[in-house]
Amino acid sequence: MKKKLIAVPYYIWALIFIVVPLLMIAYCAFTDAGGSFTTANILQIGKYGTVLIRSVVYALIATACCLVLGYYLAYIMAQQSERTKTLLMILLMLPMWINFVLRTQAMQDILDLIQSWLKNAGFSLQVSNTGFAVVLGLIYNYLPFMVLPIYTSLEKLDPKVIEAAEDLGANRLRVFQKVILPLTMPGVGSGIIMVFVPTISTFVISEKLGGAKYNLIGNVIQEQFLTVYNPNVGAAISLVMLVLILFTLVIFSFLDDETKEGIL
């Protein structure tokens, strides 16, 4: 009984700041300006199909790149001494102490500088205000969210398990494929979710680095609420994104359960 009473403040907080806003979004999504029920808002999402596809593709590319880079960095960190681990962790987290918008603006300034150098050198390659710049910004901002859960999983590995696999004749590649990777899949799954969910709905990075041609679905939602002043359509798009994100979480949860069964 006491444990339930302790959890009451959390339930109240969740009700006010999670459940109520979600209900408000659902209400706005299925009503018009006069409050009448309608599905027209949902149907208007088709107009932004290209932007939605671009958002999913960019999020998948950024997540895949963060997975490869993040696993490599986490693996290297896990092999170091305690002092080196602390130093590498500080270097990894240091950019996160800077405001998100400032980090993105700094990335834009760096890309503009590179663009200027390329132009002076006689190259016509476009770097800033491109889809590449948006994906690069996504990777830069969300890479730590992939590294940390994988690193935590690697730190929990029992060295005796790896030694046993090596004693049985497995080479390093075999040990990684059959022992290290399966046992760190919970961290991989958490990292993928922590990167994919915010990258598919971001709007600051695409606004700063992509220009008007490479807006993502987050920019459309922001525009509907703050520029067009059509919160009903904005809520409808937000609701669809919420369903898409929940669907992604269910898939990764299912894959995680399958991985655990395979290990056991």
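The values are calculated or read from the model by the stated rules, or taken from the named source; none is laboratory data. Values in this document were obtained by computation on a predicted structure and should not be read as measured data. Ideal geometry is used to build each Cβ from the backbone, glycine not excepted, and the neighbour counts take in all protein chains shown. In case anyone asks, the SASA skips ligands and DNA or RNA and just uses the protein heavy atoms, side chains included. Shrake-Rupley method; radii C 1.70, N 1.55, O 1.52, S 1.80 Å.
Observations on the structure shown:
- Near the amide H of Thr31, within less than 5 Å, lie the amide hydrogens of Thr38, all on another chain or at least 5 residues away, with H placed in the peptide plane.
- Residue-averaged [θ]222 nm for the chain, counting only DSSP H segments that reach four residues, each worth -39500 (n - 2.57): -24000 deg cm²/dmol
- Largest-first ordering by accessible area, 1.4 Å probe, given options Ser116, Ser206: Ser116, Ser206
- For Lys119, solvent-accessible area (1.4 Å; no DNA, RNA or ligand), Å²: 150
- Cross-linked pairs Lys4/Lys85; Lys3/Lys85; Lys119/Lys213; Lys119/Lys208: Cα-Cα separations exceed 28 Å for Lys4/Lys85; Lys3/Lys85.
- Read-out volume of the Cα convex hull per residue in Å³, derived from the coordinates shown; its label in (i) 154; (ii) 126; (iii) 208: (iii)
- Carbon/sulfur fraction of accessible area - the chain, other protein chains in place, 1.4 Å, %: 69
- Stretching Lys4 away from Val228 to a fully extended chain increases their span by 76.1 nm, per 0.36 nm per residue minus the current alpha-carbon distance.
- Segments 140-150, 3-13 sorted - mean Cβ within 10 Å per residue, highest first: 140-150, 3-13
- Accessible area (Å², per residue) of the chain, counting only protein heavy atoms and a probe of 1.4 Å: 61
- Per-residue extension of 0.36 nm, minus the Cα-Cα distance of Leu43 and Arg174, leaves a gain of 42.1 nm for this segment.
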